[in-house]
Amino acid sequence: MASKIFIGDMPELMENILKHLNNEIHSLHSCALIFSFLGEDEISALKECLEKETCQINIEFSKTLFEYTRFLKVLNLYSINKKIEELFCFESKSYTPETSMNFVINLLFKLFIENGATLDKLVVYFPDSLKLKPEIFYLLEQNMQFISHLQYLSLNKTGFSNIESTTTLLRTLAKYATKIRTLIPAYDSYKTPLFHDIIQIIKSQEQLRLIYINGIGIKHPSEFHGIISALESQKNSLQEVTIENCDWNAEFEILNNCKNLDTFRIRNCDMKLLKILNCKFSTLEIVSEYCDVSATTQFIEISGLMLKRLKLKLGSMIKVQILELEAFKSFCPNITYLELWYIEFSTQLIEVIGNLQKLQFLTLHFLWDNIDETKEELDVRVIHFAEILPLTLQYLKFWGNLQLNSCIDIFLNHCSNVPLKTLSIHHLYEEKTVNALIEFSKRNRTLNCVGLYYYLDDDVKKKVEKYVRLESYEYTDVHL
């Protein structure tokens, strides 16, 4: 492998190394990347210059062996702002953090644009302290390749005293960045003059695929000033919509016209949104503390055979969830991914899962309330659950209270034919569970990894890892 990797110029070499590490990233213990600008020596020199009143930053960059800047694909202004704030966390008589931040960010923009960088992803962040110079916008006009291939645009916070810089940049993006696939407007886009420019960006795109509307910063907005309605221009290309922390608005009815809308996520919104949509989705996520039972059930039924991936996180309303379970038991047999939160470990749940013969990924977060059953009754139910799991299942996350967690050994002892590759459980410290897991791994032979919330002592870990790899649940979690 080494002979194949270490061929070519340094930037390509690094790119190849990272590609080969892509599937083994957790085996990487240390990695240092050194760039020709803002390296350790440059940072030290920069600090010394700024601490002296008579010194200035030398903006004449020396010619490097490789043009590193042309390999830039992701520009996150929020991250850069934070890094510069850390860099200038010292007292300087001639420079304040605001002036230093402005100077360096404008300098970086100039460097990136003039050296031929072509962005794929841009995160816009303009606090009150940051203002781009007119020179930057002139350079963008002259070097439109910098943004002409942009595919991902996220608009972060914009200071009210900095609307002009943001507006000018957005208008430039609307003019030259017409290949955006993913758009995430800032939460304050709905209450500032920016919404006019957001609308123009939406309408100027050749094929917008995904939009994420989040109103968390302004307490569930109900007015969108035409931003949602502008999606009419993308009705043939829009495939995924996420709406979070928003109130109902008639503008959302425009989504019914989106012919290829395939994925819909609604989180903590007015559930009236479910009543106005009449679309079929293959991927559906509903997160809410409160919900309309009939609207949610009908919404699931509409997708019917097309629904393949479903996430429900609806608080602790057990009766509501049972009705919804019955809905996709009857109408949605093609589900391959199922994620349920705050669900009761009930007979109805087990029957539903047993009917999903194409299920590959199953995540169950059970209620933490005590189960009002005897140990014998619970054991019987766990055995039934283990025996009815579909033979297609590859991933299982099974998280419950102490009563359910104490039955993991019983589950493993009776789960014989399911080709699980990944299992996630809350903890692994009872000897009976450890032994059951080892025996299951020997018998199963497909299990590669077990995710845990609680880490166990080294002796138990060494014992188990002779048969299966142990990881934090964060590593093994599969998300919709």
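The values are calculated or read from the model by the stated rules, or taken from the named source; none is laboratory data. These numbers were taken from a predicted model, which means no experiment stands behind them. All Cβ positions, even for glycine, are placed from backbone atoms using ideal geometry, and neighbour counts span all protein chains on display.
Values as computed for the structure displayed
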quantity	calculated
Options Glu240, Glu232, Glu206; residue that is modelled with pLDDT of 95 or more, under 18 Å from the mean Cα position of the chain (by Cα) and on the phi < 0 side of the Ramachandran plot	Glu240
Unmet criterion (only one of (1) in a helix (DSSP H, G or I); (2) modelled with pLDDT under 90; (3) closer than 18 Å to Leu77 by Cα) for Leu132	(1)
Cβ-Cβ under 9 Å pairs, at least 6 apart or on other chains, region 250-261 side assigned to a helix (DSSP H, G or I), far side of a type in the set (Asp, Glu) and at pLDDT 95 or above	Ile254/Glu232; Asn257/Glu232
Candidate set from region 348-392 (those that are of a type in the set (Val, Ile, Thr) and farther than 20 Å from Val418 by Cβ); member that is modelled with the highest pLDDT	Thr374
Only one of Leu349, Leu284, Leu273, Leu325 that is surrounded by 19 or more Cβ atoms within 10 Å (Cβ to Cβ), outside any helix (DSSP H, G or I) and either over 23 Å from the mean Cα position of the chain (by Cα) or touching a residue at least 24 places away in the same chain (Cβ under 8 Å) (or both)	Leu284
Selected residue (only one of Lys235, Lys275, Lys259 is within 16 Å of Ile302 (Cβ to Cβ), in contact with a helix residue (DSSP H, G or I) (Cβ under 8 Å, 6 or more places away or on another chain) and not hydroxyl-bearing (Ser, Thr, Tyr))	Lys275
Selected residue (only one of Phe264, Phe224 is at pLDDT below 90, surrounded by 17 or more Cβ atoms within 10 Å (Cβ to Cβ), over 23 Å from His149 (Cα atoms) and among the aromatic types (Phe, Trp, Tyr))	Phe224
Residue count for region 131-150, restricted to those that are touching an Asp or Glu at 6+ places or on another chain (Cβ under 9 Å) and under 21 Å from Leu194 (Cβ atoms)	2
